[in-house]
Amino acid sequence: MAMCLRQINGHIHSQKILHIEQDRVTLTTWVSALTSALVVGACGVFPLVVNRWVKLGSGSGDSKWMKAILSFAVGGLLGDVFLHLLPEVWGKPQKIDSLWTGLWTLCGLVAFMLVEKVAKCTEQQRVKSSRVDQPLQNSDKHCRQWLGKDITGYLNLAANCTDNFTHGLAIAASYAANPVVGLLTTLAILCHEVPHEIGDFAILLSSGFDCHSAAKAQMFTSFGGVVGVVAGLTAEHVCSATHWLLPFTAGGFLYIALVTILPDLLESVCLSDCLTKGACLLLGTCVMAMVTIVEKKSCTHMPALL
């Protein structure tokens with residue numbers, strides 16, 4: 001027990017338990033880990049409750065609340081990258097060359113850029129072939145669309161799938177060590193995911209999703225966590241994949257926040273509007289910082305609690 005507690009004396013993504021002994025994986029472990037993954041995924045519908053209080057509409061992106069929550073999403077994504085994902089890679093017990101961390105982060109950023117560029121070019125060709133006489137400004141607007149939605153929404157869903165996969169690996173490793181550790185890990189992930197899901201929901205709405213389709217899409221990404229649990233409990237040394245998955249996801253989040261969302265938020269020249277967006281961005285970053293601090297303190301004092 002003492003060894004297990006020392007192994008998880010860090011953040012949930014540290015993955016110090018890189019090799020899960022198969023003889024310790026029981027049916028109870030499977031049921032508990034899968035249930036936890038589904039519970040974490042279910043928090044994707046929480047933004048629907050928030051939407052009852054703050055009417056975001058259909059996601060036109062023009063409402064004051066939508067701009068504010070998108071600013072919160074940018075702050076949350078940046079906080080997730082610089083206070084959560086990258087520090088966990090640097091804090092791993094295995095010696096990882098920081099050069100590779102940087103390269104994988106750049107790979108994630110470039111990969112998301114290429115995906116968006118290919119989608120835009122494909123849609124541009126479709127628009128030109130179907131509407132030859134369409135004005136140029138309307139054509140540019142349609143180039144950002146894919147299947148009726150802004151490509152930003154799909155990029156965000158792809159990044160969330162990868163992030164949820166690493167959550168599943170963390171849950172699997174924790175339950176394999178100890179059921180109580182698995183439960184505490186699940187609670188820590190929930191604290192981290194709830195504010196993140198609110199920002200993701202706003203991104204999907206601004207990309208053309210309606211409320212219910214956005215919630216369904218976020219629920220779909222939760223299956224990445226289930227896949228992570230299955231992979232973590234069946235495949236040996238699969239947790240080492242977080243060495244490149246975490247920085248790759250960080251690169252994707254950076255692209256979404258700084259390239260696809262932030263430029264639209266900077267179009268406003270009204271001082272009060274700019275201050276509001278800046279405050280919401282800082283709030284999103286502060287929320288992620290507080291969650292990270294609470295998670296680390298919880299893990300540090302876990303032996304005393306148990």
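For CYS280, the shell of other residues with beta-carbons less than 13 Å away shows a net charge of +2, using +1 for Lys and Arg and -1 for Asp and Glu.
Subtracting the Cα-Cα distance of ALA231 and LEU283 from their residue separation scaled by 0.36 nm leaves 15.2 nm.
Accessible surface for the range 253-295, divided over its residues, is 52 Å² per residue with a 1.4 Å probe.
The values are calculated or read from the model by the stated rules, or taken from the named source; none is laboratory data. These numbers come from a predicted model, not from an experiment. Heads up, the Cβs are rebuilt from the backbone with ideal geometry, glycines too, and the neighbour counts pull from every protein chain shown. These accessible areas exclude ligands, DNA and RNA; they are computed on the full protein's heavy atoms, side chains included. Shrake-Rupley method; radii C 1.70, N 1.55, O 1.52, S 1.80 Å.
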